[in-house]
1. Considering only residues that are closer than 26 Å to residue 137 by Cβ and out of contact with any Pro (no Cβ under 6 Å at 6 or more places or on another chain), which ones fall in segment 362-380?
2. So which pairs qualify, if the first residue must be in segment 328-351 and closer than 19 Å to residue 313 by Cβ, the second must be acidic (Asp, Glu) and not in a strand (DSSP E or B), the Cβ gap must be under 7 Å, and the two must be at least 6 apart or on different chains?
3. Just give me the residues in segment 59-93 being over 12 Å from residue 319 (Cβ atoms) and among the β-branched types (Val, Ile, Thr), in sequence order.
4. Could you check, for segment 320-341, whether at least one of its residues is in a loop (DSSP other than H, G, I, E, B), small (Gly, Ala, Ser) and closer than 22 Å to residue 262 by Cα?
5. Could you grab the pairs with beta carbons closer than 6 Å, sequence gap of 6+ or different chains, first residue in segment 20-44 and on the phi < 0 side of the Ramachandran plot, second one part of a loop (DSSP other than H, G, I, E, B)?
6. With the checklist (1) more than 18 Å from residue 46 (Cβ to Cβ); (2) acidic (Asp, Glu); (3) crowded, with 18+ Cβ neighbours inside 10 Å in hand, flag the one item residue 345 doesn't pass.
7. Buried (at least 17 other Cβ atoms within 10 Å of the Cβ), touching a residue at least 40 places away in the same chain (Cβ under 8 Å) and within 26 Å of residue 157 (Cα to Cα): does that describe residue 252?
8. Is it the case that residue 152 is in a loop (DSSP other than H, G, I, E, B) and among the aliphatic types (A, V, I, L, M)?
Amino acid sequence: MVRPLLVGALLWLAGLATSLAGPIEDVLALPEASLVLGDGQRLLIAEQPDRPLVPASTMKLVIALAAIERWGLEHRFETDVYMGPDDRLWVRGGGDPSLVSEELDRVVAALKAAGVRSVQGIGLDAELFGTQVPIPGRSSSHNPYDAPVTALAVNFNTVSLRVAGGRLQSGEVQTPLTPTAQRLGRGLGEGRHRVNLVDGETALAHFGEVLLAKLRQGGIRVEAPASGAAPKIASRIAPGVVLGTVPTSARLIHTHRNALTLEQLLRNMLEYSTNFIANDLFLMLGERAGRARLADAQRTVEQWARRTFGWRAFRIEDGAGLSRGNRLSGRQMLDVLERLRPYRELLPQQDDDPDVRAKTGTLRGVSTYAGFVRHGREWRPFSLMINQPVAYGLRLQVASALARR
């Protein structure tokens, strides 16, 4: 039921037309929806602005802002590489969410330049996050958006595969086909596939296998570790790969800084709605003394939001918006967008409308959209949260309609 006195008064204050024909009217008639539009000074449309609703992937805007304010746009995530006393190569995960195959090529080139000619296997230290991170809302599907989150990860903990003539191949020339990938690819049909790495230990085993292959491709010999090497600090997760803690006697030989800045990382995260990146950043925001646990991230980000905005009624359970326990209001989302205004171009442009830069959010029965619409020379922040089934394209139509009012 539309509340005509409230809506009419707000539209009058905004100097807008009193007619609400079209998609905006459709939204205002929905009982489980909030629509808020501002101009930086006041609310021009405020339909249920303070009702906490499920934000879905628009939660990534909150995490983007928190990350910018924590690290700055020029920040690059780092990964440390050590040589153990037994010549085992150790990699300590620093939570870099964008260690793609090409980055591992850069790591190998740097090691070779530093004089590394052979290693006795490799060790992985992923203690920053722990092996298994229970992300709220993450399901057990094979889809890339359900990838596990680990402090060491290659290609966002997903695997690209291709089946041609019944033969399984890597779907990327830069990524070797590992034993883990072969196991995950069994039974796939013809064509291209991208699947996630199921759980933390599987993901770390795949990371180790890719790194071993890259070392060999780069001309660094990988020899069999001495029998009985480091049994107290590590467990074997793949041939030549152990999982454990970097030995105190190991020496740091290389610190890898990712080629991507935080600015580029956030642009990619928002355009492709990459859950892995968002929840990796979420965990890193809660990092304290070399540990980044989910409860610490939830507490840290909520404390930041209270301190920054003075919010009261809200809930942040994960950084990607997977959890249905997340709660934000339209007014709160506009608070975030106002602080994101200088970084507006990080948000993706709507495909059919250059006057809209915004982030979508989708869960079953949830359709959200938040960002900026251009009205003349002015960019106005808006938030649309619909927590009931609607047509997929309604939110895009609403945004375009807001830009033309």
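Where a number appears in this text, it was derived from the coordinates with a stated rule and is not lab data. Because the structure is a prediction, the values reported are computed rather than measured. For neighbour counting, all protein chains shown are included, and Cβ atoms are generated from backbone atoms with ideal geometry for every residue, glycine included.
1. Of the residues in segment 362-380, the ones closer than 26 Å to residue 137 by Cβ are 362-371.
Once the filter is applied, which keeps residues that are closer than 26 Å to residue 137 by Cβ and out of contact with any Pro (no Cβ under 6 Å at 6 or more places or on another chain), segment 362-380 yields 362, 363, 364, 366, 367, 369, 370, 371.
2. 329/50; 331/50
3. In the first step, residues of segment 59-93 are kept if they are over 12 Å from residue 319 (Cβ atoms); the result is 68-93.
Of everything in segment 59-93, those that are over 12 Å from residue 319 (Cβ atoms) and among the β-branched types (Val, Ile, Thr) turn out to be 68, 79, 81, 91.
4. Residues of segment 320-341 in a loop (DSSP other than H, G, I, E, B): 320-326, 329.
Still in the running and small (Gly, Ala, Ser): 320-321, 323, 325, 329.
Filter once more, keeping what is closer than 22 Å to residue 262 by Cα: 320-321.
For segment 320-341, residues in a loop (DSSP other than H, G, I, E, B), small (Gly, Ala, Ser) and closer than 22 Å to residue 262 by Cα: present.
5. Filtered contacts from segment 20-44: 28/2; 29/2; 32/387; 32/388; 34/48; 34/51; 36/49.
6. Result: residue 345 fails condition (3) only.
7. Numbers: buried (at least 17 other Cβ atoms within 10 Å of the Cβ): no; touching a residue at least 40 places away in the same chain (Cβ under 8 Å): yes; within 26 Å of residue 157 (Cα to Cα): yes.
Answer is no for this residue.
8. Details: in a loop (DSSP other than H, G, I, E, B): yes; among the aliphatic types (A, V, I, L, M): yes.
Yes.
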